[in-house]
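Data first, discussion second: the structure below is written as structure tokens.
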Amino acid sequence: MIVVVSDVHLGYRNSNRQLFLKFLEEICKPLGPDDHLILLGDILDFWRRNNVLVAIENEIIFKTLESLNSNIHYIIGN
């Protein structure tokens, strides 16, 4: 299976970290080593805020991604 997600904009005031975390837990956690999660641009919103603060605030997202058994592809860009 291939799962693609884009434009989450974590770090932006209108982003929804909890909803994205729920998506990772419910949709992506069951994926296996033959599956792919593609993070397709604008997952983190570094343009409007300090990069370090955005990363620290979303540590739970990074830990959850790290725990997945699928292949994860991060494509930068817009």
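No lab work stands behind these numbers, since they all come straight from the coordinates. The structure presented is a predicted model; accordingly, all values stated were derived computationally and were not measured. Positions of Cβ are generated from backbone atoms using ideal geometry, with glycine treated the same way; all protein chains shown enter the neighbour counts.
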Practice problem: Sketch the reach of a paramagnetic label on D34 as a point 7 Å from Cα along Cα-to-Cβ, and name the residues of region 44-78 whose backbone nitrogen lies under 13 Å away. | Solution: none
Quiz item: Non-local amide H neighbours of G41 (under 5 Å, H modeled in plane, Pro and chain starts lacking H): which ones?
Solution: I75
Exercise. Report the residues of region 44-63 in range of a label on R17: point 7 Å along Cα→C-beta, backbone N strictly under 11 Å from it.
Key: 53-62
Quiz item: Applying the Karplus parametrisation 6.51 cos²θ - 1.76 cosθ + 1.60 with θ = phi - 60° to the phi angles of region 22-32, what ³J(HN,Hα) value in whole Hz is obtained for each residue in order, glycine and proline being reported as x?
Solution: 4, 4, 4, 5, 8, 9, 8, 4, x, 5, x
Exercise. Take the Cα atoms of the chain, build their convex hull, and give its volume per residue in Å³.
Key: 79 Å³
